[in-house]
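Undergrad: Okay, here's the structure, questions in a sec.
The values are calculated or read from the model by the stated rules, or taken from the named source; none is laboratory data. All values derive from a computational prediction rather than experimental measurement. Cβ placement follows ideal geometry from the backbone for every residue including glycine, while neighbour counts extend to all protein chains displayed. Heavy atoms of the whole protein, side chains included, go into the accessibility calculation; ligands, DNA and RNA do not. Shrake-Rupley method; radii C 1.70, N 1.55, O 1.52, S 1.80 Å.
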Amino acid sequence: MGHIDPGTGERAVTEPQTETVAASSPEAGGKNGRNKEPRPVGIGFVGWARWFWRTLTSMRIALILLFLFALASIPGSIWPQRGVSDAKVFQYFEDSPQLAEWLDRFWLFDVFRAPWFAAIYLLLFLSLIGCVLPRTMAHLRELRRKPPAAPRNLGRLPQHASFEAPLTVEEAAAALRAKRFRVITGPGWVAGEKGYLRETGNLLFHVSLLGLLLAVGIGTLYGYRGNVLVVEGEGFANTVAAYDRYMPGPQVNAESLEPFSFTVEDFQATYIAKGEKAGQPLDFEARLKVEDAPGAPVRDYALKVNEPLNVNGTQSYLIDHGYAPTFRITDGKGQVAFDGPVPCLVVQPANFTSECVIKVPDAQPEQLGLLIGFLPTTVPVGSEWVSVFPGAANPTAQVYGAFAGDLGLKDGRPQSVYELEPESLKKMKPLVMKADPLAVGEKLTLPDDMGSIEFTGVREWIALQITHDPGRMPAFVASVLAVAGLVPALTVRRRRVWVRVQPEGENRRVEVGGLTRTEGGDFDEEFAEIVSALNPGIPNPGVKDAR
């Protein structure tokens with residue numbers, strides 16, 4: 001008897017076992033003495049575990065998981081991601097709250113931290129390990145194995161030629177070695193084989209993929225990233241408290257951060273001024289004063305989109321920018337309650353129309369909350385005011401709403417600096433609703449002796465993503481090796497050649513046979529060159545195809 005092993009697909013033979021059962025026993029089928037049909041034997045937990053492992057580590061499953069890994073990365077480029085574009089995620093919730101809520105349930109704003117992405121990643125990692133390591137060991141054994149001896153009848157091989165020439169076994173072996181074949185000789189025959197680089201490249205590609213996954217894992221454990229918004233004229237020190245959003249790896253602590261700092265001296269955005277492409281950006285540059293460590297000399301650095309600041313492996317990328325108009329707010333008692341820049345969120349990227357929120361908790365006699373629109377290049381359109389260019393050619397600030405009352409800052413709940421809480425706004429008294437735009441230097445007086453708002457100037461802000469990824473360089477090396485492994489894997493063919501030489505006669509009869517071990521490989525031209533090298537007296541020997 002036998003059964004099929006689900007792991008190997010081979011029939012396993014087992015010794016027949018017999019058991020004598022009394023005819024009168026219930027197991028024997030009662031009075032008639034009929035035995036019950038034998039029940040099939042289950043493979044058990046170990047058998048199922050072996051089957052699962054062999055299925056997971058098959059090349060087919062590895063390719064499927066690799067495809068799923070690439071497919072699972074696509075949502076990360078479709079929807080904005082937290083930690084990279086927090087402002088766009090916030091805007092998505094503002095524009096489509098119901099859709100954003102469902103997307104967030106499936107982690108589509110945190111794709112690379114999602115449990116389903118981690119499951120694909122880990123399964124692919126295990127599959128590659130179980131697939132690559134056995135193949136690597138088999139390939140190493142194959143490299144040490146000598147080419148097989150010549151078959152008795154070379155005429156049955158796909159490539160075959162015969163001729164008469166004064167050729168010896170040693171000369172045939174030398175000719176094959178000159179063409180970089182691995183050669184062994186025997187009595188009257190020579191065997192050569194080459195093309196091992198195909199499997200070497202294939203394994204290098206898969207090992208590099210494994211290294212790439214490992215590098216990503218190292219970066220996740222020992223790396224960190226964070227986002228910070230910095231206004232012109234202000235600075236940043238690489239400490240946990242300075243980040244607007246900080247995402248450390250499990251093995252990262254506060255002492256792991258590189259102790260550098262910088263000040264944003266200036267930011268310049270260049271746009272096309274005329275023509276059909278007017279308003280399209282040309283270049284972005286932030287000029288920084290960088291201090292690599294406390295007490296280190298200060299150096300200048302021009303930060304651009306694809307030219308991050310690098311301080312001992314910590315990269316600072318320029319990912320966004322916007323305007324930060326400055327205001328001076330005087331309360332009802334004549335005291336300056338606020339004086340400084342206010343970062344605004346861009347609501348129309350084509351012309352950089354932006355919206356700002358100012359909360360003035362120190363204003364007297366009541367707290368103030370302001371909703372302000374910023375227009376970089378302002379022109380009137382009917383009764384409205386719009387921006388027609390992203391550059392600050394004619395900047396104005398338009399107060400959409402001014403409110404007095406309790407801002408709700410004392411109840412201990414965190415609030416966004418980019419919005420007024422709807423619940424608090426309902427309890428506040430409206431003072432101004434959509435006033436005329438203010439040019440730089442102009443002032444708006446609030447009613448009921450609540451003070452005034454003065455538009456004092458325009459600055460710009462930059463958003464930075466600061467990352468430390470120790471797996472970045474290993475990932476780059478693994479990617480290069482993967483591409484290098486693909487070249488021989490796709491171009492090199494595994495092939496074998498045998499030569500038989502009759503031991504007697506001046507012009508000995510020589511038979512040459514060859515085959516390629518790669519499906520679809522064309523061996524005709526190379527085989528003809530080998531025959532010509534073995535018989536240089538005949539420039540175009542007759543090569544017979546014995547298929």
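Undergrad: Share of the chain's accessible area from carbon and sulfur, percent, 1.4 Å? Don't jump to the answer; show the numbers that get you there.
TA: Values: 17480 of 31080 Å².
The value for the chain is 56 percent carbon and sulfur by accessible area.
Undergrad: If we count every other residue with Cβ under 11 angstrom of ASP449's Cβ, Lys/Arg +1 and Asp/Glu -1, where does the sum land?
TA: Numbers: positive: LYS333; negative: ASP331, GLU366, ASP448.
Counting the neighbours of ASP449, the net charge comes to -2.
Undergrad: Then there's this: Considering the dipole of the chain built from charges on the beta carbon (Lys and Arg +1, Asp and Glu -1) around the Cα centre, which of GLN315, VAL360, VAL379 is farthest to its positive end?
TA: Working it through, the farthest residue towards the positive pole turns out to be GLN315.
Undergrad: By how many nm would the segment from ALA174 to VAL347 lengthen if fully extended, with 0.36 nm per residue of separation less the alpha-carbon distance? Please list the in-between numbers first.
TA: On the way: separation 173, 0.36 × 173 = 62.28 nm, distance 7.55 nm.
Result: 54.7 nm gained on full extension.
Undergrad: Suppose each label sits 7 Å from its Cα in the direction of the beta carbon; what would the SER383-TRP116 distance come out to in nanometres?
TA: 4.9
Undergrad: About its Cα centre, how strong a charge dipole does segment 142-299 have in debye, to the nearest 20, once Lys and Arg get +1 and Asp and Glu get -1 at the Cβ? Walk me through the intermediate numbers first.
TA: Numbers: 18 positive and 18 negative charges, 296 e Å.
In total the dipole reaches around 1420 debye.
Undergrad: Here is a further query. Evaluated at 10 °C with a viscosity of 1.306 mPa s, what Stokes-Einstein diffusion coefficient in µm²/s does segment 453-534 have when Rh comes from the Kirkwood expression over alpha-carbon pairs? Please list the in-between numbers first.
TA: Working: Rh = 19.5 Å.
This corresponds to a translational diffusion coefficient of 82 µm²/s.
Undergrad: Using unit Cβ charges (K, R positive; D, E negative) and no other charged atoms, how large, in debye to the nearest 20, is the dipole of segment 291-401 about its Cα centre?
TA: Details: 5 positive and 11 negative charges, 28 e Å.
The calculation lands at about 140 debye.
Undergrad: Okay, moving on. For segment 122-158, which trypsin sites (Lys or Arg not before Pro) are both in a DSSP coil and crowded by at most 13 other Cβ atoms within 10 Å?
TA: In loop regions of segment 122-158 (DSSP not H, G, I, E or B), the sparsely surrounded trypsin sites (Lys or Arg not before Pro) are ARG145, ARG152.
Undergrad: Within 12 Å, Cβ to Cβ, of ASN202, how many net charges do the neighbouring residues add up to if Lys/Arg are +1 and Asp/Glu are -1? Before the final figure, lay out each step's value.
TA: Numbers: positive: ARG135, ARG198, ARG494; negative: GLU199.
Once all neighbours under 12 Å are counted, the net charge is +2.
Undergrad: Among the aspartates and glutamates, which fall within straight-line cross-link reach of LYS304, defined as a Cα-Cα distance under 17 Å, with same-chain neighbours fewer than 8 residues apart omitted?
TA: Leaving aside aspartates and glutamates fewer than 8 places away in the same chain, those within reach of LYS304 are GLU232, GLU265, ASP266, ASP283, GLU285, ASP320, GLU460.
Undergrad: Could you report segment 65-130's accessible area per residue, 1.4 Å probe, as an integer in Å²?
TA: With the other protein chains kept in place, segment 65-130 gives 57 Å² per residue.
Undergrad: Work from the charge dipole of segment 70-179 (Cβ charges, +1 for Lys and Arg, -1 for Asp and Glu, about the Cα centre) and give the residue of ILE78, SER96, LEU124 farthest towards its positive end.
TA: LEU124
Undergrad: Using a Debye calculation, one point per C-alpha and no hydration shell, please list log10 I(q)/I(0) for segment 238-283 at q = 0.19, 0.32 Å⁻¹ in order.
TA: Result of the Debye calculation: -0.72, -1.17.
Undergrad: Over all pairs of distinct alpha carbons, what does the Kirkwood formula give as the hydrodynamic radius of segment 38-152, in Å?
TA: Working: mean 1/r = 0.0550 Å⁻¹.
For segment 38-152, inverting the mean 1/r across all distinct Cα pairs yields 18.2 Å.
Undergrad: Sorted from largest to smallest, which semi-axis lengths in Å does the alpha carbon gyration tensor of segment 191-250 give for its equivalent ellipsoid, taking the root of 5 times each eigenvalue? Provide the component values of the computation, followed by the final result.
TA: Working: eigenvalues 450, 33, 8 Å².
Equivalent ellipsoid of segment 191-250: 47, 13, 6 Å, largest first.
Undergrad: Once every DSSP H run of n ≥ 4 in the chain is given -39500 (n - 2.57) and the sum is divided by its residues, what mean residue ellipticity at 222 nm do you get, rounded to the nearest 500 deg cm²/dmol?
TA: Working: 11 runs with 155 residues, N = 547.
Result for the chain: -9000 deg cm²/dmol, rounded to the nearest 500.
Undergrad: Over segment 180-331, what is the relative contact order in whole percent, taking alpha-carbon pairs under 8 Å and six or more residues apart? Working shown, then result.
TA: Numbers: 202 pairs, mean separation 19.8, N = 152.
Averaging sequence separation for qualifying contacts and normalising by length gives 13 percent for segment 180-331.
Undergrad: Calculate the spin-label point distance for ARG60 paired with SER256, positioning each point 7 Å from the Cα along the beta-carbon direction, and give it in nanometres.
TA: Modelled inter-label distance: 4.1 nm.
Undergrad: Applying 1/(1 + (r/R0)^6) with R0 = 35 Å to the Cβ-Cβ distance of TYR196 and GLU164, what FRET efficiency is obtained, to the nearest 0.05? Could the numbers behind the result be given before it?
TA: Numbers: r = 33 Å, r/R0 = 0.94.
That gives a FRET efficiency of 0.60.
Undergrad: Still on this structure: Using a Cα-Cα cut-off of under 14 Å, which aspartates and glutamates could be cross-linked to LYS146, ignoring same-chain neighbours fewer than 8 residues away?
TA: LYS146 reaches GLU193.
Undergrad: Moving on. In vacuum, with every alpha carbon of the chain counted as one equal point scatterer, what does the Debye formula give for log10 I(q)/I(0) at q = 0.07, 0.08 Å⁻¹? Two decimals, please.
TA: Log10 of I(q)/I(0), two decimals: -0.70, -0.79.
Undergrad: So what's the convex hull volume per residue for the Cα atoms of segment 95-148, in Å³? Don't skip to the end; give the middle numbers.
TA: Details: hull volume 5.3 nm³, N = 54.
Here the figure is 98 Å³ per residue.
Undergrad: Loop-only check: which GluC sites (Glu not before Pro) in segment 258-367 are DSSP coil with at most 16 other Cβ within 10 angstrom?
TA: Numbers: sites: GLU265, GLU276, GLU285, GLU291, GLU355, GLU366; in loops: GLU276, GLU366.
Sparse-neighbourhood loop GluC sites (Glu not before Pro): GLU276.
Undergrad: In the neighborhood of LEU229, defined by Cβ-to-Cβ distances under 13 Å, what is the net charge if each Lys or Arg adds +1 and each Asp or Glu adds -1?
TA: Details: positive: ARG245, ARG459; negative: ASP86, GLU232, GLU234, ASP244, ASP320, GLU460.
Counting the neighbours of LEU229, the net charge comes to -4.
Undergrad: Another one. Sticking with the crude label model, points 7 Å out along Cα→Cβ, report the distance from LEU282 to LEU126 in nm, one decimal please.
TA: Result: 5.6 nm between the two label points.
Undergrad: Mean Kyte-Doolittle of at least -0.5 and a Cα length of 30 Å or more along the axis: which whole DSSP H helices of the chain meet both?
TA: Details: long enough: 115-144 (44 Å, 1.05); 196-222 (38 Å, 1.13).
Passing helices, by number: 115-144, 196-222.
Undergrad: Taking the Cα centre of the chain as the origin and placing charges on Cβ (Lys, Arg +1; Asp, Glu -1), which of LEU431, VAL169, PRO297 is farthest toward the positive end of the dipole?
TA: Going by the Cα projections, it comes out as VAL169.
Undergrad: Can you tell me the relative contact order of the chain? Whole percent, Cα pairs under 8 Å, sequence separation 6 or more.
TA: Values: 1053 pairs, mean separation 95.8, N = 547.
Relative contact order comes out at 18 percent.
Undergrad: While we're here: Note the per residue figure in Å³ for the convex hull of the C-alpha positions in segment 85-215. Please report the intermediate quantities before stating the final value.
TA: Details: hull volume 26.5 nm³, N = 131.
Measuring per residue, one finds 202 Å³ for the Cα hull of segment 85-215.
Undergrad: Would you mind getting the Kirkwood hydrodynamic radius of segment 290-369 from its Cα pairs, rounded to one decimal in Å?
TA: Values: mean 1/r = 0.0617 Å⁻¹.
That comes to 16.2 Å for segment 290-369.
Undergrad: Give the aspartates and glutamates reachable from LYS333 as a straight Cα distance under 15 Å; neighbours fewer than 8 places away on the same chain don't count.
TA: Qualifying aspartates and glutamates at Cα under 15 Å: ASP362, GLU366, ASP448, ASP449.
Undergrad: Estimate the FRET efficiency between ALA242 and GLN415 by the formula 1/(1 + (r/R0)^6), using the beta-carbon distance for r and 35 Å for R0, to the nearest 0.05. Please report the intermediate quantities before stating the final value.
TA: Values: r = 20 Å, r/R0 = 0.56.
Efficiency, from the Cβ-Cβ distance: 0.95.
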